[in-house]
Amino acid sequence: MTTRHTHAIHVQGLKKSFKELRVLRGVDLTVARGGIFALLGSNGAGKTTVVKILATLLKADAGTARVNGFDVATQAPDVRASISLTGQFAAVDEILSGRENLVLIARLRHLGNPGKIADDLLARFSLTDAGGRKVATYSGGMRRRLDLAMSLIGDPAVVFLDEPTTGLDPQARVEVWHAVKELAGRGTTVLLTTQYLDEAEQLADRIAILHQGRIIVEGTLAELKRLLPPAEVEYVEKQPTLEDVFLTLVGPKT
């Protein structure tokens, strides 16, 4: 289901507290259609809380949020029909094969020809050779790729990836990065949360930094780097990295 709204995600004044803990203190966020938008922040910054509200899994205390043109508070079924959510750990059935996992989700979504859908996604995520094997035999990167493939069943307009490479080794992380780029390359809007600065640098078209419950800066990687002056070392200009920008704005952990 699609709408005529320009933005895939539009958030204004979003607030959320858990008892005395104020997690979100007025988040404003706009994500254009297509491409990869990274929401960057330290542990406990509120990244997952934002995603849960946008995915209709959690109600905000104040503010408004629209996903694919639909209000998350009043049009939750329409939002859910427009999105897919992949959490921090792969939600796959280890007893089933990779293909059986995909077929199962396609059937649950009442889609026609689930076998073809499964085979197409296995090919797209380079899992065809492993499709008949039980997922219990898969590496971490393969499980993540299968999880991403499952999230695409039904062609959602917006995909939320909540720290998708948590706990993966470097090789598996690169595998997932390729899969995410492939995802966005086909026109899907991806909202990625991560605490890994190199991940945001590698993947994101635009980056927002969430700190103490608010978005403190947002822009392209080049725009964020321009927030800091280049350092000169022995007459060689050194451009600031995203890590330099992040630590300058957020400060070191206390």
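The values are calculated or read from the model by the stated rules, or taken from the named source; none is laboratory data. Keep in mind that this is a model prediction, so the values were computed, not measured. Please note: Cβ atoms are built from the backbone with ideal geometry, for glycine as well, and neighbour counts cover all protein chains shown.
Values computed for the structure shown
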| item | result |
| --- | --- |
| Number of positions in the stretch 69-82 that are crowded, with 21+ Cβ neighbours inside 10 Å and at pLDDT 95 or above | 3 |
| Count of the stretch 118-134 residues which are under 23 Å from the mean Cα position of the chain (by Cα) and of a type outside the set (S, T, N, Q) | 8 |
| Selected residue (only one of L24, L54, L39 is in contact with a Gly (Cβ under 6 Å, 6 or more places away or on another chain), aliphatic (A, V, I, L, M), in contact (Cβ under 8 Å) with a residue 60 or more places away in the chain and surrounded by 21 or more Cβ atoms within 10 Å (Cβ to Cβ)) | L24 |
| Matching residues in the stretch 83-103 - criterion: being more than 15 Å from L191 (Cβ to Cβ) and surrounded by fewer than 17 Cβ atoms within 10 Å (Cβ to Cβ) | F89, A91, D93, E94, I95, L96, E100 |
| Odd one out for D169 among (1) surrounded by fewer than 21 Cβ atoms within 10 Å (Cβ to Cβ); (2) in contact (Cβ under 8 Å) with a residue 40 or more places away in the chain; (3) not basic (K, R) | (2) |
| Check on I209, closer than 25 Å to K15 by Cβ and touching a residue at least 60 places away in the same chain (Cβ under 8 Å) | yes |
| Residue within the stretch 182-205 that is part of a helix (DSSP H, G or I), out of contact with any helix residue (DSSP H, G or I) (no Cβ under 8 Å at 6 or more places or on another chain), over 30 Å from L14 (Cβ atoms) and without any contact (Cβ under 8 Å) to a residue 12 or more places away in the chain present | no |
| V31 over 20 Å from L221 (Cα atoms), within 19 Å of the chain's Cα centre (by Cα) and crowded, with 20+ Cβ neighbours inside 10 Å | no |
| Unmet requirement for H178, which otherwise passes all of (1) in a loop (DSSP other than H, G, I, E, B); (2) without any contact (Cβ under 8 Å) to a residue 12 or more places away in the chain | (1) |
